[in-house]
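This report refers to the structure that appears directly beneath it.
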Amino acid sequence: MAVVDKWTGLGSALASFLFLWSMVQSHVPVTLSHRVATWANKLASYFNPYLEITISEYGAERFRRSDFFLAAEAYLSDACAPRARKLKADLGRDSSNLQVSVGDNDEVTDAFQGATVWWYVAKKVPRPNVISLYGNQDEPRTYRVVFHRRHRDLVVGRYLPHVLQEGRAVTVRNRQRRLFTNNPGGGGRGRGDVWSHVAFEHPATFDTLAMDPEEKEEIVDDLEAFREAKDYYTKVGKAWKRGYLLYGPPGTGKSTMIAAMANFLDYDVYDLELTAVNNNTDLRKLFIETTGKSIIVIEDIDCSADLTGKRKHKKAKSDKAADGDDKPKLPMEPDKEEGSKVTLSGLLNFIDGLWSACGGERIIIFTTNHKDELDPALIRRGRMDRHIEMSYCRFRAFKVLAKNYLDVEEHELFGQIGQLLEETDMSPADVAEKLMPMSKKKRDANACLESLVEALKQAKEDAAKAKEEAEAKEKAEAAAAEAAKKAKEEDEAKKRRGQDEGDKTSESSKMSNGHIKRDDK
């Protein structure tokens, strides 16, 4: 009973103190009140061994969310959300997955190298009759990181940078990857002006890519080494980028290879159309507006623009044609040769010049059907670091297609198909078309493989026939050239004989004229 009376008296005393303090505060100067509060906080810090770090949702830029806050939010959703009691789910604007994060006014714990860290998610309560700077958005939130003061150096020096790095990695994994294309004449000041984008949803992977498994493994190893080589590139003094040249006949999987690379690395894809770029300056602007962790693609580089001096020959040819045209041109008549003025020098600077070092972790890919037609300076090592030939479908690539399309790994027709593939050039796209059962009647694997055998046999016969026709045409052209040569030689011989006869006639005429003159005398 005495204990109860003791606590009752203590509670009454505390209530009286708080009442008196509220009364005193109204008569105490603000400076003195602030000083007393400061002393109270210092006194409490002597008895409280825990420190606190605050991470605000909005930093110095009041209308832009803090990058550190977003990274912390992504980190907590990945590492700590399973231990939270209050959760919230959302689909971010640039996210492809459902994001489950820690709810407001909740507490979660995290461990790092022997230190325990407490995270508190707080949301500021809006004051009445106050206009918010954040419009119709929710009121800003705050993360409070609490830890023991003996772990101060560990938390500040290593834990928070770890949260930032891991949070950014989680954001990259969860984001919706995008496929960009440049706008015609894009010379604007922002990415929204020069690039347009859609969600990148191509399903291709290296597992489904019809290619020799050993070659695929080499490419995957090369991509992994590039992704983890930031420090190495800095050490050797090179921009963190890599170039790939994909060459081969149409239908051999060059675009599918690019999609597989993007899915493997979780990179965005920028499909650059050179014919829509006005000049070298706009090309640099486009490069500046690309982000890291991206693949910049120029497909059919040999057809995209004149980069090997052919433009000069075409212009000279058009000038000659214009000289022979007597039709007057109007002063405002547009020049037919106007178009993209991107030069080889501008493209080379785009690939590995000073501007190429802006940002980092980029891959540049060129595709072409005719490698020999490209300027050697464009595809030399150091610009296009790796040349990958995308060739016709052979047996090992066919087995990948058979597994993907028919779920067949072994079949009695594989031996015949393997022999035909070695003797016939057929693209993986054509092989896949024969293996894809598009109707109920052709869903049988045997029917699909038999159809492929017939197609290979027909392709072999067509190739042999085309070869014979080409040889016959070559022989006919050679015979025609030989006949034309002989006819030319005969014409020249006739001309020489006619010239000799004319000379003789002229001499005889001169002699007869001489005789006549002597007779006259």
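Per-structure values
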read-out	value
Links that overshoot a 25 Å alpha carbon limit, given the list 371/475; 371/399; 403/434; 293/403; 434/460; 285/341	371/475; 371/399; 293/403
Distance in nm between pseudo-label sites at residue 469 and residue 183 (7 Å out along the Cβ direction from Cα)	4.9
Long-range amide H partners of residue 195 with built H, under 5 Å	183
At most 12 other Cβ within 10 Å, DSSP loop - GluC sites (Glu not before Pro), region 424-495	none
Solvent accessible area, Å² - residue 486, 1.4 Å probe, full protein context	110
Amide H within-cut-off set for residue 270, under 5 Å, with H built and near neighbours excluded	180, 295, 296, 297
Per DSSP, loop GluC sites (Glu not before Pro) in region 148-252 with at most 16 further Cβ within 10 Å	201, 228
Between region 447-496 and region 373-442, the alpha-carbon center distance in angstrom	29
Prolate/oblate/rounded call for region 405-478, Cα gyration tensor, a/c under 1.5 rounded	prolate
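The values are calculated or read from the model by the stated rules, or taken from the named source; none is laboratory data. Model, not experiment: these values are computed from the prediction. Here the Cβ is made from the backbone with ideal geometry for all residues, glycine too, and neighbour counts use every protein chain on show. Surface accessibility is based on the protein's heavy atoms, side chains included, excluding ligands, DNA and RNA. Shrake-Rupley method; radii C 1.70, N 1.55, O 1.52, S 1.80 Å.
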